[in-house]
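A.B. asks: Quick one: the structure is below, questions incoming.
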Amino acid sequence: MIPHILATIAGAWSLIGIIGHDPGAYTQGFELHDGVLYESTGIYGRSSLRRTDPSTGEVLQLRRLPDSLFAEGITFVSPDRMLVLTWREGLVLAVDPATLETVDTFTIRGEGWGLCFDGERVIRSDGTEMLRFHDPRNMRVTDSLMVTLAGVPQRNLNELEFARGVIWANQWQSNRILAIDPASGAVLRVYDMSALNPGRGSELNGIAYDSDRDLFLVTGKNWPLTYSIDIKL
């Protein structure tokens, strides 16, 4: 049943452009904001926050995080406030995007994988089939949603983006992007990005929406390139 469903809801995309990406970056969060591409990278002892040039991939600014933190997803909740998720530390950092310095912290329960913001709620993935909705003011959980494909729960939800009224999610250990209905949790489309994988054992992880061009920037963990793609919904 699932292979048939995948064939019927397979999403179309096309490659628009290619820019560089630091192959040493274990990409966790990817966010385009006010003409700057923000990226968080993971691994204990190597986690960082970065501001990069979206036209070249050049790292403009980099801030190392404490060795005790494993950085995960990022999202903007206002022009001057970026949230940074941590994996198993139960912490969310509120960061000034201009300096990449932490200005506040919040606590959460459970693991942190990906973050996005729908304009009212922060949405978090934790590696399960569930998405958690948080109040952006204090990160308290307000609701949750199970993500399903033809009724089958979809685990390993990872990096998130909210665009075009849809939640976009990387699915860890695959090269798939899922387009998810934020009301029902149903997967609307599945996009196979295997053609972009450089074949170094690293999966796709990183989705940033370029609202000016209505395009997406995607990359992966330790990939040497970032791709600009047009995704059809």
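Any read-out appearing in this document is the output of simple, stated calculations on the displayed coordinates, not a laboratory observation. These numbers come from a predicted model, not from an experiment. Glycine gets a Cβ as well: all are built from the backbone with ideal geometry, and neighbour counts include every protein chain shown.
A.B. asks: Mind jotting down the three principal axis lengths of the chain based on Cα atoms? Whole angstrom, largest first.
C.D. replies: 48, 39, 32
A.B. asks: What percent do you get for the relative contact order of the chain when only Cα pairs under 8 Å and 6+ apart count?
C.D. replies: 20 percent
A.B. asks: Most exposed first by the Cβ proxy, i.e. fewest other Cβ within 10 Å, how do His134, His33 rank?
C.D. replies: His33, His134
A.B. asks: Test of understanding: what is the full-extension gain from Thr99 to Lys232, defined as 0.36 nm times their sequence separation minus their Cα-Cα distance?
C.D. replies: Extending this stretch completely gives an extra 44.3 nm.
A.B. asks: Between Arg81 and Val36, what is the label-point separation in nm under the 7 Å Cα-to-beta-carbon projection?
C.D. replies: Once both label points are built, they end up 1.8 nm from each other.
A.B. asks: Using 7 Å Cα-to-Cβ label points, what is the Leu225/Ala195 separation (nm, one decimal)?
C.D. replies: Label at Leu225, label at Ala195, 1.2 nm between them.
A.B. asks: So, in Å, what gap is there between the alpha-carbon centers of region 202-217 and region 112-186?
C.D. replies: 16 Å
A.B. asks: Assigning unit charges at the beta carbon (Lys, Arg +1; Asp, Glu -1) and nothing else, what dipole magnitude in debye, to the nearest 20, does the chain show about its Cα centre?
C.D. replies: About 480 debye.
A.B. asks: What FRET efficiency do you get for Thr107 and Ser68 if R0 is 22 Å and r is their Cβ-Cβ distance, rounded to the nearest 0.05?
C.D. replies: 0.90
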